[in-house]
Amino acid sequence: MSSRQSPKVAVLKGGPSAEREVSLVSGRECAAALRGEGFEVVEIDAGEDLCAQLAACDPDVVFNALHGRFGEDGCVQGILEWLRLPYTHSGVLSSALAMDKEKTKEVYRNAGLPIAPSRLASRLEVEAGHVMEPPYVVKPYNEGSSVGVYLVHEGANAPRLAQEMPPVVMVEKFVPGRELTCTVMGDTPLCVTDILTDGWYDYEAKYATGGSRHVCPAELPDEITEACQDYALRAHRALGCRGISRTDFRWDEARGRDGLILLETNTQPGMTPTSLSPEQAQKSGLSFGAFCKWMVEDASCDR
């Protein structure tokens, strides 16, 4: 870092992905929290002139509050490595792996972690007929935040996908039960959250006011809480994540521990004071500001 008395932090937000609006909120909240912790902060809406913007503000650390493609798929991480600017969250390889749901499943499988059966298929195949016995889920294999997720019920026709969906999608067996999630901070799993919704936990349920309710810590059997924490840490390590990550689960209570499966690992979790990871950190005694400060202090190159 430079000799400045207070390190200058560039907060990257916005960007070109489908999750731009969420990232703008995360970035704004993180910037405010870091100012409250005494850092000098510059907010940058990451666009094609990102390198020029970074050169102009000359930061000591980059806080990556981007979500979705470009921001969490290894692209911006590669730019920051090239510029030798210390940054938060995961590095190039782990970001790219975690963003690709099919590659993530390969890593999970090799690490002995439980997953639901799935396959990649063209959107033409998916629309022509069932490529898997319903119920199943259709989703992009390289987007986050439940962008473009379709739940196909038993007895339903093959889905008609929106034009925004990519030409190749993931079709995954639907696992009934509860939606659970666990954050790993450094090398420590935090508590588990139970996410309650009236319907499917899609983009609207995640971000619309009143779309979901969080029970944190989740009211679960000790065996399931411990399994979530163990699996989240093993996923974090297997993917090579750094800083924080958050792993999402489905749990079919009727099957006990055998009903717990991993869905995905998010290397850039939502970062508002009421987002899942900050809520879990708060239960561990960390304020939102302290949580953001920890990430800045953990920043580095070669992640």
With a/c under 1.5 counting as rounded, go ahead and sort segment 1-147 into rounded, prolate or oblate using the C-alpha gyration tensor (a ≥ b ≥ c being the square roots of the eigenvalues; past the cut-off, prolate if a/b is larger than b/c, else oblate). prolate
With the cut-off at 1.5 for a/c, could you classify segment 8-88 from its C-alpha gyration tensor as rounded, prolate or oblate? oblate
Whole-number value, in Å³ per residue, for the convex hull of the alpha carbons of segment 209-300 is 114
Whole-Å distance, taken between Cα centres, linking segment 128-178 and segment 32-109: 29
Can you list the HN-Hα couplings for segment 50-56, worked out from phi with the Karplus curve (6.51, -1.76, 1.60; θ = phi - 60°), rounded to whole Hz and with x for Gly and Pro? 4, 4, 5, 5, 5, 5, 5
Could you tell me how many degrees, from 0 to 90 and to the nearest 10, lie between the Cα long axis of helix 222-239 and the main elongation axis, the longest principal axis, of the Cα atoms of the chain? 60
What angle, in degrees between 0 and 90 and rounded to the nearest 10, separates the Cα long axis of helix 20-36 from the longest principal axis of the Cα atoms of the chain? 40
Expressed in Å to one decimal, the Kirkwood Rh of the chain from all distinct alpha-carbon pairs is 19.7
For the chain, longest principal axis from Cα atoms; helix 101-110 axis from its Cα atoms; angle between them, nearest 10 degrees, is 80
Let me know the shape class of segment 82-161, please: from the alpha-carbon gyration tensor, a ≥ b ≥ c as square roots of the eigenvalues, rounded when a/c is under 1.5, otherwise prolate if a/b is greater than b/c, or oblate. prolate
Too long for a 28 Å Cα-Cα cut-off, among Lys139/Lys283; Lys173/Lys283; Lys13/Lys103; Lys101/Lys293; Lys8/Lys101, are Lys139/Lys283; Lys173/Lys283; Lys101/Lys293; Lys8/Lys101
Report the far tail of the P(r) of segment 118-173, meaning the percent of Cα-Cα pairs longer than 17 Å. 23
So how strong a dipole does the chain carry about its Cα centre when Lys and Arg Cβ are +1 and Asp and Glu Cβ are -1, to the nearest 20 debye? 300
Could you rank the peptides 163-169, 180-186, 20-26 by their average count of other C-beta atoms within 10 Å per residue, with the highest value first? 180-186, 20-26, 163-169
In order through segment 286-303: 3J(HN,Hα) via Karplus (6.51 cos²θ - 1.76 cosθ + 1.60), integer Hz, x for Gly, Pro: 9, 5, 4, x, 5, 5, 5, 4, 4, 5, 5, 5, 7, 4, 6, 9, 6, 8
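Taken together, the values in this text are just the output of simple stated rules run on the coordinates, not laboratory data. Small disclaimer: the values here were computed from a predicted structure and weren't measured. Reconstructed Cβ throughout: ideal geometry from the backbone, glycine too, with neighbour counts over all protein chains shown.
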